[in-house]
Amino acid sequence: MSGPAQRGLLRGLVITAVLAVLALGAYVVFASLIPRSSQDGGSGQVTIGGPFELVDHEGRTVTDRDFAGRLMLIYFGFTNCPDICPTGLQTMAIAMDELGAAGEKVQPLLITVDPERDTPAVMKEYVQAFHERLVGLTGTPEQIAKVAREYRVYYQKVALKDSSLGYSVDHSGFIYLMDGEGKYLTHFRHDTTPEQMAERIKSKL
Ligand code: NI
């Protein structure tokens, strides 16, 4: 009962089982990284978004209610980000231009994940380099932690050894589209093209 054929079969079964476990594990990790829509059925709970109180790039206190009636196009990033944030923000800016007049019903927002360095003044200079309608939002570390939690945004300070910056911030790169009441509509990956983004925003207006 332990000839080469049986051993070969056994090895095959073990390999298949290991691959199945790996595939399941990869699926679980992947699924957990994708924001879930509130319309996914099942629980029916809103899982993305929520009320916030932050400080805009003019130093004014603002809440989600200040943007009511417009779609919010929200990116979480920070002004010292070397590449991912500028790409995502550039995409948002071009998509806003593509929307033309319809874009007035959309409010693009950058919420910083580096509130200690991204003061209103720093945010103002940064967002205005991308688009005249882009509003930068910052706040206390607690306010930022709360809104990031509501939007399921991951961010983590990472020490930089050989840089005058001292630290960088790892963060997730989704761009969220919320409806006029602040409820989740859809999200974009940061590498979505401006054309795709504009089309999908149009379909939600
Ligand atoms: Ni970034």
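Readers should treat all values here as calculations from the given coordinates under stated rules, not as data from a laboratory. Please read these numbers as outputs of a predicted model, since none were measured by experiment. Virtual Cβ from ideal backbone geometry, glycine too; neighbours counted across all protein chains shown.
Any chance segment 92-102 includes a residue that's closer than 18 Å to residue 154 by Cα, touching a residue at least 12 places away in the same chain (Cβ under 8 Å) and within 15 Å of the ligand (Cβ to nearest atom)?
No, segment 92-102 has no match at all.
Select from segment 186-200 the residues that are part of a loop (DSSP other than H, G, I, E, B) and within 14 Å of residue 93 (Cα to Cα) and list them in ascending order.
If the condition is that a residue be part of a loop (DSSP other than H, G, I, E, B) and within 14 Å of residue 93 (Cα to Cα), then 190, 191, 192, 193 are the ones that fit.
Within segment 68-86, take every residue that is within 12 Å of the chain's Cα centre (by Cα) and within 21 Å of residue 203 (Cβ to Cβ) and give me the one that is nearest to the ligand (Cβ to nearest atom).
75
Take residue 138 and decide whether it is touching a residue at least 24 places away in the same chain (Cβ under 8 Å), β-branched (Val, Ile, Thr) and touching a strand residue (DSSP E or B) at 6+ places or on another chain (Cβ under 7 Å).
For residue 138, the condition - touching a residue at least 24 places away in the same chain (Cβ under 8 Å), β-branched (Val, Ile, Thr) and touching a strand residue (DSSP E or B) at 6+ places or on another chain (Cβ under 7 Å) - is met.
Across segment 103-140, what is the number of residues that are of a type in the set (D, E, K, R) and either more than 16 Å from the ligand (Cβ to nearest atom) or part of a helix (DSSP H, G or I) (or both)?
Final tally of qualifying residues: 6.
Output the number of residues of segment 154-185 satisfying the condition of being part of a strand (DSSP E or B) and buried (at least 17 other Cβ atoms within 10 Å of the Cβ).
Selection size over segment 154-185: 10.
Could you run through segment 166-205 and say how many residues are without any contact (Cβ under 8 Å) to a residue 12 or more places away in the chain and under 17 Å from the mean Cα position of the chain (by Cα)?
1
Within the bounds of segment 73-91, is there any residue that is among the aliphatic types (A, V, I, L, M), part of a strand (DSSP E or B) and either surrounded by fewer than 20 Cβ atoms within 10 Å (Cβ to Cβ) or touching a helix residue (DSSP H, G or I) at 6+ places or on another chain (Cβ under 8 Å) (or both)?
Yes, the conditions are met somewhere in segment 73-91.
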